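Report on the structure given below.
All of the numbers you see were taken from the coordinates with simple rules; none came from a lab. Fair warning: this is a prediction, and the values are worked out from it, not measured in the lab. Counting neighbours? That spans all protein chains shown, and the Cβs are built from the backbone with ideal geometry, glycine included.
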Amino acid sequence: MAYREIFWMACDSTEQLRAEYGPFLTRGEAEAEARKLGFGYLLRYEHLLGEDEEIQEVRCIFIELPETVPPAELFSFTLHTRCATCGESAAHNKNWQAEVWADIHEFEHARHRVRLFERARGQGLKEIGGWRS
């Protein structure tokens, strides 16, 4: 006899590279957490289990939540620094934090160059060119 197992996740997009948070047993729990995190989607996973409790089939269903991101929060952003040479990276809330991280990294590692990116909610990463000139 086949058995269906259902659980819910809060997620920020329908893209393959998305942030997911959960799992939750009910849609209400997942929806409350998604709204708290500013995520716009729920993801419903259905696992169909066989007689030996092995997963036979997985179904994923995205549900878009209406009005999850307040308009003022749409323009909030975080800064991300990444070394173009070694790949080390960090996230920052303030401009000065990004600048200090870059200064320290470039001082400790001769000939390394740090790049700066801005991540706005729902828009992905955008490089800020010439920020160290």
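Among the residues making up the stretch 102-129, those that are within 27 Å of residue 39 (Cβ to Cβ) and not charged (D, E, K, R) are 116, 117, 120, 122, 123, 124, 125, 128.
If you take the residues in the stretch 114-127 that are closer than 17 Å to residue 97 by Cα and surrounded by 14 or more Cβ atoms within 10 Å (Cβ to Cβ), which one is nearest to the chain's Cα centre (by Cα)?
As a first pass, look at the stretch 114-127 and keep what is closer than 17 Å to residue 97 by Cα: 114-119, 127.
Imposing the further condition that a residue be surrounded by 14 or more Cβ atoms within 10 Å (Cβ to Cβ) reduces the set to 114-119.
Values: 114: 22, 115: 20, 116: 18, 117: 15, 118: 14, 119: 11 Å.
Checking each candidate, the answer is 119.
A quick yes/no check of all residues on (1) closer than 16 Å to residue 65 by Cα; (2) surrounded by 19 or more Cβ atoms within 10 Å (Cβ to Cβ):
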residue: 3; (1), (2): no, no
residue: 7; (1), (2): no, no
residue: 11; (1), (2): yes, yes
residue: 29; (1), (2): yes, no
residue: 35; (1), (2): yes, no
residue: 40; (1), (2): yes, yes
residue: 43; (1), (2): yes, yes
